[in-house]
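The values are calculated or read from the model by the stated rules, or taken from the named source; none is laboratory data. None of the values given here were measured: they were computed from a predicted structure. Every residue, glycine among them, receives a Cβ derived from its backbone with ideal geometry; neighbour counts consider all protein chains shown.
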Amino acid sequence: MRGATPFADAQVVVLSTIDWDAAWQRHQIFAAQFAAAGREVFFVENTGFRDPGLADAGRLVRRLARLAGRPGAAPQGVPKGVTVVSPAVLPPTKTAFRVINENWLVPRLTARLKKQGLRPGPIAVVYVATETTLAMLDALNPSLVVYDCASHFAAHPGAPEDFGALEAKLLARADLVVTDSKFLYDRLAPRHPRVVRIHQGVDESFFAAKPPSGNWDSFCYYGTWVHELDARLPAALAEAGFKVALSGFVKGPPPELPASVRRLGPVARENLVERLQDFDVFLLPHLLTPFHQGVIPAKLYECMAMGRPVLATALPSMEEVREHVYVAATPEEWVRAARDLPKTETPERRAARIALARKHTHAAEFARLEAAMLEAWDKAR
């Protein structure tokens, strides 16, 4: 099978950990780039990792609506060349669920993919190790397996007890392992012969943002707000008199913040720069949890491309870019760093951020990914 499909003609199956209409992440970015490069892409939405909770109710309702074919339930903003597939599978958390998935639901899902045009020998891009994804690989018999490990799922509080064994099986199947953060690279490099670091990068549109006002008084967190973020930090800025906004989705209970903090709903990605360019500073208020050890924020190079200062907690991934970001731990330190911006911000720092982002555009990162995949393809043969 490995020799049956030329690399340039191989279709791509993305086994994602998110649904298409979630916040725009590397799953959709790489899928869209594969399609723009002329490949047919089948984007299989989240097949599950943990038992769902109340916070997942909206997502599950959307999934059922899509499976039922209800008008208006189809995912939005899907580029030409990408087929989004909503899987009808059970969470791979219980033995009975895994048996049902492997023997009934996964074969039905792969049959749907073939009916929609999937040919033998695709490239499989996998985002997490579960019994479902391993069963999918058995059913698909891909020509190339890429494990795109962009999260420290081993430390996720909802990870199944046998995650280590499942990941070991995926690593044995993978021809190429991709990570974004140094932490994840250091974790996986001793366990696989071909591990590369590739960020998803930044869209060119972010470089067109107008310069910051220079007042350094307006702060924004944008993206999906989840409980793994520290609401005390933007709250402290607001209480100190700064203008603070949250832009995007809120997953789970809304954060407890002062009434002065503006809540801005999600915006289409093509309008994101227009919204963000009115802010002077961007926020990365991550809690320092074991799971976040592997996080390198997807928006990091977007913030830098706009030339804005970034105020962040001390994620391991911030060490490599420490000269370009402001790292602070406590609410008091965040307020102090914000008040010092008129003294610490310079045109040279802004130019350095933009120059670093230029090295990490979507095009540059995708070229690295394709080159690594081609090398792995050749070595697999």
Residue that is nearest to the chain's Cα centre (by Cα) [pool: residues in region 155-172 that are in a helix (DSSP H, G or I) and surrounded by fewer than 17 Cβ atoms within 10 Å (Cβ to Cβ)]: 155
Contacts under 6 angstrom Cβ, first residue in region 64-84 being hydrophobic (A, V, I, L, M, F, W, C), partner outside any loop (DSSP other than H, G, I, E, B) and modelled with pLDDT under 80, 6 or more apart: 73/65; 73/66
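Here is a yes/no grid of residues against (1) modelled with pLDDT of 95 or more; (2) under 19 Å from residue 37 (Cα atoms); (3) over 21 Å from the mean Cα position of the chain (by Cα):
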site	(1), (2), (3)
345	yes, no, yes
355	yes, no, yes
367	yes, yes, no
374	yes, yes, yes
379	no, no, yes
Pick from region 320-355, criterion under 23 Å from residue 290 (Cβ atoms) and touching a helix residue (DSSP H, G or I) at 6+ places or on another chain (Cβ under 8 Å), ranking: surrounded by the fewest Cβ atoms within 10 Å (Cβ to Cβ): 320
Residue list for region 308-343, filter: part of a strand (DSSP E or B), farther than 18 Å from residue 359 by Cβ and not hydroxyl-bearing (Ser, Thr, Tyr): 311, 312, 327
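Hey, can you tell me all the residues within region 68-90 that are out of contact with any helix residue (DSSP H, G or I) (no Cβ under 6 Å at 6 or more places or on another chain) and at pLDDT below 90? It would help to see each step written out before you state the result.
Restricting attention to region 68-90, the residues satisfying the condition of being out of contact with any helix residue (DSSP H, G or I) (no Cβ under 6 Å at 6 or more places or on another chain) are 68-72, 74-78, 80, 83-85.
Within region 68-90, 68, 69, 70, 71, 72, 74, 75, 76, 77 meet the criteria.
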Lone unmet requirement of (1) over 12 Å from residue 48 (Cβ atoms); (2) modelled with pLDDT under 95 for residue 147: (2)
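What tally of residues in region 94-109 results from selecting those that are among the β-branched types (Val, Ile, Thr) and crowded, with 19+ Cβ neighbours inside 10 Å? Please lay out each step first, then the result.
Within region 94-109, the first condition is being among the β-branched types (Val, Ile, Thr), and the residues that meet it are 95, 99-100, 106.
Of the ones still in play, those that are also crowded, with 19+ Cβ neighbours inside 10 Å are 106.
Going through region 94-109 one residue at a time, the tally reaches 1.
Determine whether region 119-131 contains at least one residue that is under 22 Å from the mean Cα position of the chain (by Cα), part of a helix (DSSP H, G or I), touching a residue at least 24 places away in the same chain (Cβ under 8 Å) and closer than 19 Å to residue 167 by Cα. Write out each step before concluding.
Taking region 119-131 and keeping what is under 22 Å from the mean Cα position of the chain (by Cα), we get 123-131.
Filter again for part of a helix (DSSP H, G or I), leaving 131.
If we keep only those that are touching a residue at least 24 places away in the same chain (Cβ under 8 Å) as well, we get 131.
Next, only the ones that are closer than 19 Å to residue 167 by Cα stay: 131.
For region 119-131, residues under 22 Å from the mean Cα position of the chain (by Cα), part of a helix (DSSP H, G or I), touching a residue at least 24 places away in the same chain (Cβ under 8 Å) and closer than 19 Å to residue 167 by Cα: present.
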Matching residues in region 146-181 - criterion: being without any contact (Cβ under 8 Å) to a residue 24 or more places away in the chain and of a type in the set (D, E, K, R): 161, 162
In region 182-215, the residues that are surrounded by 15 or more Cβ atoms within 10 Å (Cβ to Cβ) and among the hydrophobic types (A, V, I, L, M, F, W, C): 183, 184, 188, 189, 195, 196, 198, 202, 206, 207, 209
Residue 184, sole failed condition from (1) in a helix (DSSP H, G or I); (2) touching a His at 6+ places or on another chain (Cβ under 7 Å); (3) without any contact (Cβ under 8 Å) to a residue 60 or more places away in the chain: (3)
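Are there helices (runs of 4 or more DSSP H) fully within region 205-307 with at least 1 residues that are of a type in the set (Lys, Arg) and assigned by TED's automatic domain parsing to the domain that holds residue 318? List them.
232-239, 272-276
I'd like to know if region 73-80 contains one or more residues that are of a type in the set (S, T, N, Q), in contact with an Asp or Glu (Cβ under 8 Å, 6 or more places away or on another chain) and not in a loop (DSSP other than H, G, I, E, B).
Narrowing region 73-80 to residues of a type in the set (S, T, N, Q): 76.
Among the residues that remain, those that are also in contact with an Asp or Glu (Cβ under 8 Å, 6 or more places away or on another chain) are: 76.
Applying the additional criterion that residues be not in a loop (DSSP other than H, G, I, E, B) yields none.
Taking every residue of region 73-80 in turn, none turns out to be of a type in the set (S, T, N, Q), in contact with an Asp or Glu (Cβ under 8 Å, 6 or more places away or on another chain) and not in a loop (DSSP other than H, G, I, E, B).
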Qualifying residue in region 158-175 (condition: small (Gly, Ala, Ser), at pLDDT 95 or above and in contact with a Phe, Trp or Tyr (Cβ under 7 Å, 6 or more places away or on another chain)): yes
Selected residue [touching a His at 6+ places or on another chain (Cβ under 8 Å) and on the phi < 0 side of the Ramachandran plot] from 176, 229: 229
Exclusive hit being over 23 Å from residue 334 (Cα atoms) and over 22 Å from the mean Cα position of the chain (by Cα), set 235, 208: 208
